[in-house]
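Dumping the structure here so I can ask a few things about it.
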Amino acid sequence: MTTKPETLIQALENFEDTAEGRRVVLEKFMSTRIFVLMDQPWDGRSLPSTEMRLLFVSDGEDKQQAMLAVFTDRAHAEAVAADMGEFRHPAEVDARWAMLGVPPDVGVRINPNSTPSFRILPQLAIELRRMVEGKLQQRQGT
């Protein structure tokens with residue numbers, strides 16, 4: 001019996017490419033705070049400006065596949081920010097909040113261009129977003 005990882009970074013470092021391994025990473029991801037890079041400063045708590053944009057990257061060799069870039073910690077985000085032009089402002093957010101910003105046909109890259117990393121393909125990202133939206137509707141009583 002394996003013990004559950006305490007942090008997302010531990011889940012990624014211990015990742016085994018199995019259905020159970022993917023489930024552990026996804027559960028940890030969806031229940032944690034992560035960092036995103038934005039084109040404007042934001043504290044991650046107040047209402048963001050509707051003009052703010054999140055950083056999207058390509059999926060490695062597949063330059064046509066857009067992926068939301070998310071990071072396990074500020075250090076990973078800041079290491080990438082230097083090469084991302086206007087997207088140089090890290091903000092700590094709930095992963096569930098970040099999933100609400102993922103459009104259809106877009107996936108998620110955790111720690112793009114660094115290790116440990118993980119990718120969530122677009123079809124799964126759609127399902128995760130629907131789960132978050134469903135929980136929000138339940139809380140609002142609709």
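What 222 nm value per residue comes from the helices of the chain, counting each DSSP H run with n ≥ 4 as -39,500 (n - 2.57) and dividing by all residues, nearest 500 deg cm²/dmol? Walk me through the numbers on the way to the answer.
On the way: 5 runs with 51 residues, N = 142.
About -10500 deg cm²/dmol.
Take every Cα pair under 8 Å in the chain that's 6+ residues apart, average their separations, divide by the length, and report that relative contact order as a whole percent.
Details: 226 pairs, mean separation 33.2, N = 142.
Dividing the mean separation by the residue count of the chain yields 23 percent.
Please work out how much length the chain gains when fully extended from residue 74 to residue 53, using 0.36 nm per residue of separation minus the C-alpha to C-alpha distance, in nm with one decimal. Please list the in-between numbers first.
On the way: separation 21, 0.36 × 21 = 7.56 nm, distance 1.79 nm.
Extra length from residue 74 to residue 53 when fully extended: 5.8 nm.
Mind checking the dipole of the range 33-137: about its Cα centre, +1 per Lys or Arg Cβ, -1 per Asp or Glu Cβ, Debye to the nearest 20?
With Lys and Arg at +1 and Asp and Glu at -1, about 300 debye.
So, counting K/R as plus one and D/E as minus one, what does the shell of residues with Cβ under 12 Å around residue 81 add up to?
Values: positive: 74, 88; negative: 39, 78, 83, 86.
Result for the local shell: -2.
For the chain, rounded, prolate or oblate, judged on the Cα gyration tensor with a ≥ b ≥ c (square roots of eigenvalues), a/c < 1.5 rounded, else prolate if a/b > b/c? List each step's numbers first, then the result.
Numbers: a/c = 1.43, a/b = 1.11, b/c = 1.29.
Cα axes put the chain in the rounded bin.
Give me the percent of DSSP beta bridges within the chain that run antiparallel, rounded to the nearest 5.
Numbers: 16 of 20 bridges.
Of those bridges, close to 80 percent are antiparallel.
Quick check on the range 38-108: of the DSSP beta bridges with both residues there, what percent are antiparallel, nearest 5%?
Details: 6 of 8 bridges.
Close to 75 percent.
A further question on this structure: What is the gain in length, in nm to one decimal, between residue 115 and residue 136 on full extension, counting 0.36 nm per residue of separation less the C-alpha to C-alpha distance?
On the way: separation 21, 0.36 × 21 = 7.56 nm, distance 3.21 nm.
Stretched out fully, the residue 115 to residue 136 stretch lengthens by 4.4 nm.
Values quoted throughout were computed directly from the atomic coordinates according to the rules given, and no laboratory measurement underlies them. Keep in mind that what you see is a predicted model, and the values were worked out from it rather than measured. Cβ atoms come from the backbone with ideal geometry, glycine included; neighbour counts cover every protein chain shown.
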